[in-house]
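What follows is a single structure, and I will ask about it in a moment.
The values are calculated or read from the model by the stated rules, or taken from the named source; none is laboratory data. What you are looking at is a predicted structure, and each value in this text was computed from that prediction instead of being measured. With ideal geometry, Cβ positions are generated from the backbone for all residues, glycine too; neighbour counts draw on all protein chains shown. Side chains included, ligands, DNA and RNA excluded: accessible areas come from the protein's heavy atoms. Shrake-Rupley method; radii C 1.70, N 1.55, O 1.52, S 1.80 Å.
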Amino acid sequence: MDPRRPQSQPGIVSANGPKVRRVGFTFSLQNPQSPPPFSSVISGAGDVDGDFSSTPVASTSPVMIPPPRIPVQVPAARCPVDAGESILAAGSDNSGDAELSEEWVRSSSGKYSLGFSMSGINSPVAAERNEEVELDFVDGEEKFLRGSAGTQKLIVLHGLAALSFRFYVFCYHSSSNEGNNAGTGAKMSEAPMPNKDMKAASKPLKEKSSKAERRALQEAQRAAKAAKIAASSGMGAHGTEKPAKLPKQPPKKKDAPLASSAGVSEKKGGDRSSEKDKKKDVPPPRMQYDDKSRVEKAKKRSVVKQTEARNRVELFQHLPQYEFGNQLKELESKFFKLDPVHPAVYKVGVHYLTGNITGSSARCIAMLHAFKEAIEDYHTPPDKTLIRDLTARLSSYISFLNECRPLSISMGNAIRSLKTCIAKLPLSISELEAKTIICSDIDRFINEKIVIANKVIVEHAATKVRDGDVLLTYGASSIVEMVLVHAHELGRQFRVVIVDSRPKFEGQALLRRLVTKGLSCTYTHINAVSYVMHEVTRVFLGAASIFSNGTVYSKIGTACVAMVAHAFRVPVLVCCEAYKFHERVQLDSICINEIGDPFAITNVPGRKEINYLHNWINKENLQLLNLLYDVTPADFISLIITDYGMVPPTSVPVIVREYRKEHLF
Amino acid sequence: MPDVQSLVNDFVNKLKKRKIEGSQATARQTAELLRSVISQQRIPYTNQAGALIDAVKAVGEQLIAANPVELAVGNIVRRVLHIIREEDLSLTTAAIGGMNISAASDDDENDDADDRPALSAAAVAAAARSTLRPPSLQTLLEDVPDATAVHHTSSSGADSEGKSKSADKSSRSRKLKHDVIEAVNELIQDIATCHEQIAEQAVEHIHQNEVILTLGRSRTVMEFLCAAKEKKRSFRVFVAEGAPRYQGHVLAKELVARGLQTTVITDSAVFAMISRVNMVIVGAHAIMANGGVIAPVGLNMVALAAQRHAVPFVVVAGSHKLCPLYPHNPEVLLNELKSPSDLLDFGEFSDCMDFGSGNGEPLLHVVNPAFDYVPPKLVSLFITDTGGHNPSYMYRLIADYYSADDLVIQRKPAVGN
C-alpha cells in the first residue's frame, strides 16, 4: 500500500474507508459574510493559523479546499497546526504510514467543518483499536475566581480574541479487508470527500446497528461512491433514510451538512435538518406544578425534599413554591448516601440552593465544570453503552440540579449542547476517548460561548460609552460590570448609577467593586429610578435570556427600569451572550418564572425595625410573593449587544435560528 | 402673645425635624394651630378681616418655610385665609342685606361652639359663594374692589360714634372671629373625616373579584379598601412594599387583619404583576393644580406600568392635599432627599470613600428621594372627599377652596415691607 500513499493529494484523505473511522467535530466559524455587523467579530477568527485559517475564511465557494498536508510520520507527533486553541497530536500505530489530513469543507450555510482522518492502511488490525488523542490546550485555560458574593469573574488567559477552535481528533482503526481498501483507496484519490464517509458512517452508528452491519454499510457506501453510482443505490444499502439524496451527495449528518457543489442537495439537507429542528423547536413543555399527579411523581423521585410553601400564590400555582432553608440540613445528611449524584454536582447543587452561585452565566459555568468533573470520574458499567448510560446519568444530575433550583435558560442550552455532543459520539469509541471529547467539548462551550462571547460583547458595548455619559445599570450583571470596567480602563469619563432592589441587594456588591476600581457611582433603589433617570444617558442591562419574540427575560425589576428609561427617552442596551437566547416566546412574566424564598420579603437585612409582618406570616390571607424574573417587552429595548454584534430586538429570532443551525441545538 | 408664639415655634421645630408624619396629621395640626392663632388675635375695630389675614399669613409663612415640601401646611394656611375672606364677605353681605340676619346670628353667637346653628357661617358663605359670587374670572377681578369696599364700610362704621352702631360693631367683630373659628373647626373636622367620606365611594369603584395593586401605605387607601371589604366585596390586593420605608408591610398587616386577601410583592415586581391587576389605587402626598401628583417614591414607575397595560390609576386623597400651585420641575424642587442610611449602612463603604484623593469628590453618592411626581396624563381618576374628578378638573376644585389672593403667601409681607 505504501506506493499508493504518494498518490493521495494533501487534501485528500487517502483513507481506505473501513479501516478508518473519523469523526470530525464540526464547529463553526460564523460566516464572515452573513450579517455585516458581525464581520468585525469574526475577523479575529482569522488568527487561527496561517495554514488553513485563511482558506476557509476567504473562500466562498462550497467546494472543499485541500489543506496542506501534515506530516505525521512520527507516532504521536504534534501536528504543526498551531491552531491557537488546540493542538492535536495524533498517534498512529507503529506502521508509521498513518496519514492525517484535514479538510475544510465549507457549506453554503456558512459553516466549516473540519474532518481529520487517520488511516492505517496496511495494518489489518484484528480488533478495534483506538488511538488516544491528545488534546493540548495552549491557551485555553480559564480561571474562575468566584467572589464571596457569588458573582464571578472570569479571567481569561487567551491570546486570541477570536472564537476558538478546538479539534477533536481521534483515530479509529478497524479491521477491514484489504481488497476493499485497494478499491476504495484508489477511488478516494479521485473523490476527495472522505469525511463525508465518516459522517455517513456515524449516522448508522447512532442507530445502534451491529458492527458488522455498520461495516457492511460503510463498505457499500464506499463502493457506491467509488463507482460514482447514484446515491440511491448507496441508500439502498443504507436502509430507510435519506431517499431524496442527490447522486453525489453521500448521507449527511443532520446537523452538520457538509459542503457539496450541488446547491440543491445542500438545500435539501438544510430542509431536512430544519424539519427536524422544527420538531425540536417546540420547547418541551415545562413541568406544571398545578398538575397534581405529576408533582407527586416528581416528588417520589426527588432527592431534595422540599416542603411546599404554606400560602401559595394562586396566580403562580403552576410554579414550584417551596419553603427555603430547610432542605439544606437534609441534603447534608444525605451527602454520603447520595449514590446517584456525583460530589461535584452535589456541591454545585447546594450552592444553587443556598444562593452562593447566582447569575445565569455563573450557574451555567459551575454546572458545566461539575459535569466535566463527573464525566472524568465516570466509568461505564460493564453491560452498558457509554452514550446511553452517560446520558441517563447526566439526566439524573440535571434533575437533581433542577430540584435545587429550576434550571436557567442558559443551563438548558448548555445541557442541550452537551447532550448533542454525547449523542453524536460513535458507539464504538473507547470510553477514554469519549470522555476526552466530551470534556473538551464542555471546555469549548465555556470558552467559546461564554468567555470569548463576553469579550466580544464588552468590545462592542464599550463603543457605546462616551465621555460625560451617565450610565445606569440595574442589579449586578457580570457582563455589564465588565463593560463598565473596560470603558473605565479605556479612559472614558463617565458616571455610573447603580439601581438596586430588594430582596438581595446584589447592586451593593457591584457598587463596592466599581468604587474600589475608582468609578464614580451613584447608588439608589428601584423606586427612585424615575428620579435618577433625568440625568441618565444610557441604560445597560444584563439578561438571563432573550426570547425569540425579542422580550428580555431578566432579573425582576429590569422591566421597570427599561420602562422608565423608555418613558424618559433614554436608550436601553441589553448585553447578553447568544447562548442564552431561546426560541421560546413569552408575553408576560407569569407563565414562566421562578419563585424565591417568600420569607425574604418580610426580612429586611440591616433594618431590624422592619418586622411588621413577622408574626403574620402564618395568616391565611397573607401571601408573600418573591418573584425572581420578569419579562421586558421588546419595545423598551433599543439594542441588544450580543457576540454576533449589536442587533435590534427584532433580530433575535434570526440569531436564534442561525445559532441553532450552527450549534446543533 | 407669647403662648401662641411658643406654640408656633414648637410646631415649626416639629416640621423642621420632620417629626410629623403624613400630610393628614400635618394638615390637622396646622389647622389647630391657626385656630388658636385666630382666637388669640386681638381684633381691631377697623379692618378686622385684614388683621386676621395678616396674623395668619405671618404664621403661615413661618410654617411653610419650616418644611416647604410639605404642601399640606401651605394648603391649610390658604384654606384658613380663604375662610376668613369668605366669612368677612358673608358678614358684609348680611350687613348690607339687613340687620335681621345679624340679629338672629347674635343670639346664636352666645351659644356653645359645639352646638352649631343649623345655618352655619360656612354654609352661608358657601351659599353666598355659589349664588352671589360664582368663582369666575370676573369674580376674581371684582374681588379687590369688593374687599376694599368692605374695609371701607367697616372703617366708616367705626367712624360713626352712635351708641347702637358701636354695639353692632363690637358684635360684628366678635362675630367675624367666631365665625372664622367655627369654619376652621369645620375644616379640622373635614380633615379628620375625609377618609370616611372617600371610603364611602369605595363600593362604586371596586367590584367583585377585583385585583388591586397599591404601593406603600396610605391610610386613605387602607380605609378605602376596608370599606369595600365591609360592603361584602371580595377582592385581592397586591401590596408593593415601598422600599426603603417598607410601609407596605404595615398596610399588608392591616389589610390581613381586616380579612382581605393580601399578597406582598417587591417593588421591582410591579411590572410583572401589573398585567394581572384590574386597578391601581394609591395615596398621594399632594395634588397639584395641573392634576399632577406628588406621591411616595416609586409611584411614577407604577403609573407608567399601569398606563402601559391600560390599568386605571386611581389616586385617593383628601381635599387638604389639593395644592393650588402649578409644579415646576417637581421631581427636584418638591422633593426631599432622605438619609442614605436607609439604603446603605453607615460606615459600610467608608473604606471605599477616599476623600483625600483626586479632586476631593467622593466616588459614591447615595440618592434616596422621598417623593415622585406623577404627571396628570398618567392619572385616570382622583377620588377626593367631594367625589371623583378628572385630573383636568383639579384647577376648578382649587378655585372652590382657595382664593386667588392667597396663592402666594410670601408676597404680602414683602410688599408691606
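Work out from phi, with θ = phi - 60° and the Karplus expression 6.51 cos²θ - 1.76 cosθ + 1.60, the ³J(HN,Hα) of each residue of segment B:388-397, listed in order in whole Hz, and give x for Gly and Pro.
x, 9, 7, x, 6, 8, 4, 4, 6, 4
Here's another thing I want to ask about it. Considering only protein heavy atoms, what per residue accessible area in square angstrom results for segment B:260-370 with a 1.4 angstrom probe? Mind showing how you got there, number by number?
Working: 3710 Å² over 111 residues.
Result: 33 Å² per residue.
Stokes-Einstein at 37 °C, 0.692 mPa s, Kirkwood radius from Cα pairs: D for segment A:444-488 in µm² s⁻¹?
Numbers: Rh = 11.2 Å.
Translational D for this selection: 293 µm²/s.
What FRET efficiency do you get for A:ARG492 and B:GLU21 if R0 is 41 Å and r is their Cβ-Cβ distance, rounded to the nearest 0.05? Walk me through the intermediate numbers first.
Numbers: r = 44 Å, r/R0 = 1.07.
Efficiency computed from Cβ-Cβ geometry: 0.40.
Whole-Hz Karplus ³J(HN,Hα) for segment A:524-540, in order, using 6.51 cos²θ - 1.76 cosθ + 1.60 and θ = phi - 60°, x for Gly and Pro?
Coupling constants for segment A:524-540: 8, 9, 5, 5, 8, 5, 5, 5, 7, 5, 4, 9, 7, 10, 8, 10, 10 Hz.
Amide H to amide H, which residues 5 or more places from B:HIS285 or on other chains are under 5 Å from it, using H placed in the peptide plane?
For B:HIS285, whose amide H was placed from the backbone, the distant partners under 5 Å are B:ILE294, B:ALA295.
In percent, how large is the relative contact order of segment B:272-389, given Cα pairs closer than 8 Å and 6 or more residues apart? Can you show the working numbers first?
Details: 183 pairs, mean separation 44.6, N = 118.
Across segment B:272-389, relative contact order equals 38 percent.
Could you tell me the relative contact order of segment A:416-488? Use alpha-carbon pairs under 8 Å, at least six residues apart, and round to a whole percent. Numbers along the way, then the final one.
On the way: 21 pairs, mean separation 21.2, N = 73.
Relative contact order, segment A:416-488: 29 percent.
Here's a follow-up. Taking square-rooted eigenvalues a ≥ b ≥ c of the alpha carbon gyration tensor, is segment A:512-626 rounded, prolate or oblate, where a/c under 1.5 means rounded and, failing that, a/b exceeding b/c means prolate?
Working: a/c = 2.01, a/b = 1.24, b/c = 1.62.
Oblate, because a/c is 1.5 or more while a/b does not exceed b/c.
Which whole number in µm²/s is D for segment A:600-665 by Stokes-Einstein, with the Kirkwood Rh taken over Cα pairs at 37 °C and 0.692 mPa s? Let's see the in-between values first.
Working: Rh = 16.4 Å.
It diffuses with D of about 201 µm²/s by this estimate.
Please work out the C-alpha center-to-center distance from segment A:417-436 to segment A:474-488 and express it in whole Å.
Segment A:417-436 and segment A:474-488 have Cα centres separated by 37 Å.
Hey, can you grab everything whose amide H is under 5 Å from the amide H of A:ASN626? Only 5+ residues off in sequence or another chain; H modelled, so Pro and N-termini drop out.
A:GLY596
What FRET efficiency would be calculated for the residue pair A:HIS318, B:GLU196, taking the C-beta separation as r and a Förster radius of 30 Å, to the nearest 0.05?
Values: r = 41 Å, r/R0 = 1.38.
Taking R0 as 30 Å, the efficiency between A:HIS318 and B:GLU196 is 0.15.
Follow-up question, since we're still on this one. Evaluate segment B:182-324: find the radius of gyration of its Cα atoms, find its Kirkwood radius, and give the ratio Rg to Rh.
Numbers: Rg = 14.8 Å, Rh = 15.3 Å.
Across segment B:182-324, the Cα-based Rg/Rh ratio is 0.97.
How many Cβ atoms of partner chains, on average, are near each residue of B:294-304 if near means within 10 Å of its Cβ? All intermediate terms of the calculation are to be shown ahead of the outcome.
Numbers: counts 0, 0, 1, 8, 8, 2, 8, 12, 3, 2, 7.
That average works out to 5.
Measure up A:LYS347/A:LYS555; A:LYS619/B:LYS232; B:LYS17/B:LYS377; B:LYS229/B:LYS377 against 27 Å on the Cα-Cα distance and list the ones that go over.
Numbers: A:LYS347/A:LYS555 24 Å; A:LYS619/B:LYS232 20 Å; B:LYS17/B:LYS377 34 Å; B:LYS229/B:LYS377 30 Å.
As for pairs spanning more than 27 Å Cα to Cα, those are B:LYS17/B:LYS377; B:LYS229/B:LYS377.
In addition: What translational diffusion coefficient, to the nearest whole µm²/s, does segment B:7-84 have by Stokes-Einstein, given a Kirkwood radius computed over alpha-carbon pairs, a temperature of 10 °C and 1.306 mPa s viscosity? Provide the component values of the computation, followed by the final result.
Details: Rh = 12.5 Å.
Rounded, D is 127 µm²/s.
What's the buried accessible area, both sides, between A and B using a 1.4 Å probe, rounded to 100 Å²?
Working: alone 27400 and 20370 Å², together 42730 Å².
For A against B, buried area totals roughly 5000 Å².
Related question: Normalized C-alpha radius of gyration of segment A:427-469, against 2.2 N^0.38 Å?
Values: Rg = 18.2 Å, N = 43, 2.2 N^0.38 = 9.2 Å.
Cα-based Rg divided by the globular estimate yields 1.98.
Further, regarding this structure: Report, by chain and number, residues whose modeled amide H sits under 5 Å from the one on B:HIS365, excluding near sequence neighbours (fewer than 5 apart, same chain).
Counting only residues 5 or more places away or on other chains, the set is A:CYS521, A:THR522, A:TYR523.
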